[in-house]
Amino acid sequence: MKLPIIRSLTEKAETDGSAKGLEHAAEVIEILSVNSAFKEAELDVLGEVLSNLLGAVEVYKLTEQGSSKSEALNHFMKRVMGSIDR
């Protein structure tokens, strides 16, 4: 996950007024990822893009609930780091 990419994707959702586009893109990537034509390195890239998209959706939802963008990003990253440490 890359915070600048998540921030950029979150801004796109804010401009659109919805995270629907990000959610749709994530669905498409999930569908593609089960295709056996992809090599492992390509699947790694798809996974990275997918995690950034889903992270942006989560951050967008937090901002919709009243958090500032920086609070939402910090909260999300703490949650991710907490799950990695387990």
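The values are calculated or read from the model by the stated rules, or taken from the named source; none is laboratory data. Just so it is clear, the model here is predicted, and its values are computed rather than measured. Because the Cβ atoms are built from the backbone with ideal geometry, glycine has one as well, and the counts that use them run over all protein chains shown.
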Checklist entry - Can we say ALA56 is surrounded by fewer than 14 Cβ atoms within 10 Å (Cβ to Cβ), modelled with pLDDT of 95 or more and assigned to a helix (DSSP H, G or I)? => result no
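Condition check ((1) under 10 Å from the mean Cα position of the chain (by Cα); (2) farther than 23 Å from LYS78 by Cα; (3) at pLDDT below 95) across all residues:
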position: LYS2; (1), (2), (3): yes, no, yes
position: ILE6; (1), (2), (3): yes, no, no
position: THR10; (1), (2), (3): yes, no, no
position: ALA19; (1), (2), (3): no, no, no
position: GLU23; (1), (2), (3): yes, no, no
position: ALA26; (1), (2), (3): yes, no, no
position: SER33; (1), (2), (3): no, yes, yes
position: PHE38; (1), (2), (3): no, yes, yes
Checklist entry - What residue, among those in the stretch 59-83 that are loosely packed, with under 14 Cβ neighbours inside 10 Å and more than 25 Å from GLU27 (Cβ to Cβ), is farthest from the chain's Cα centre (by Cα)? => result GLY66
Checklist entry - Looking only at the stretch 60-86, which residues are assigned to a loop (DSSP other than H, G, I, E, B) and modelled with pLDDT of 90 or more? => result GLN65, GLY66, SER67, SER68
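Among the residues of the stretch 27-42, is there at least one that is under 23 Å from ASP16 (Cα atoms), hydrophobic (A, V, I, L, M, F, W, C), surrounded by 11 or more Cβ atoms within 10 Å (Cβ to Cβ) and in contact with an Asp or Glu (Cβ under 8 Å, 6 or more places away or on another chain)? Full working, then the answer.
In the first step, residues of the stretch 27-42 are kept if they are under 23 Å from ASP16 (Cα atoms); the result is 27-30.
Subsequent filtering for residues that are hydrophobic (A, V, I, L, M, F, W, C) retains 28-29.
Okay, now just the ones that are also surrounded by 11 or more Cβ atoms within 10 Å (Cβ to Cβ), so 28-29.
Right, trim to in contact with an Asp or Glu (Cβ under 8 Å, 6 or more places away or on another chain) and you get none.
Among the residues of the stretch 27-42, not one is under 23 Å from ASP16 (Cα atoms), hydrophobic (A, V, I, L, M, F, W, C), surrounded by 11 or more Cβ atoms within 10 Å (Cβ to Cβ) and in contact with an Asp or Glu (Cβ under 8 Å, 6 or more places away or on another chain), which makes the answer no.
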Checklist outcome for this item: Scanning the stretch 1-26 residue by residue, those surrounded by fewer than 16 Cβ atoms within 10 Å (Cβ to Cβ) and either among the hydrophobic types (A, V, I, L, M, F, W, C) or not in a helix (DSSP H, G or I) (or both) turn out to be MET1, LYS2, LEU3, GLY17, SER18
Checklist entry - Between residues in the stretch 48-73 that are farther than 11 Å from GLU14 by Cβ and touching a residue at least 12 places away in the same chain (Cβ under 8 Å) and residues that are hydrophobic (A, V, I, L, M, F, W, C) and assigned to a loop (DSSP other than H, G, I, E, B), which pairs lie under 8 Å by C-beta distance while being six or more apart or on different chains? => result GLU48/MET1; SER51/MET1; ASN52/MET1; GLY55/MET1; VAL57/ALA19; LYS61/ALA19
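Hey, does the stretch 38-46 have a residue that's in contact (Cβ under 8 Å) with a residue 24 or more places away in the chain, of a type outside the set (Phe, Trp, Tyr) and in a helix (DSSP H, G or I)? Break it down into steps so the answer makes sense when it comes.
Quick first cut of the stretch 38-46, residues in contact (Cβ under 8 Å) with a residue 24 or more places away in the chain only: none.
No, that holds for no residue.
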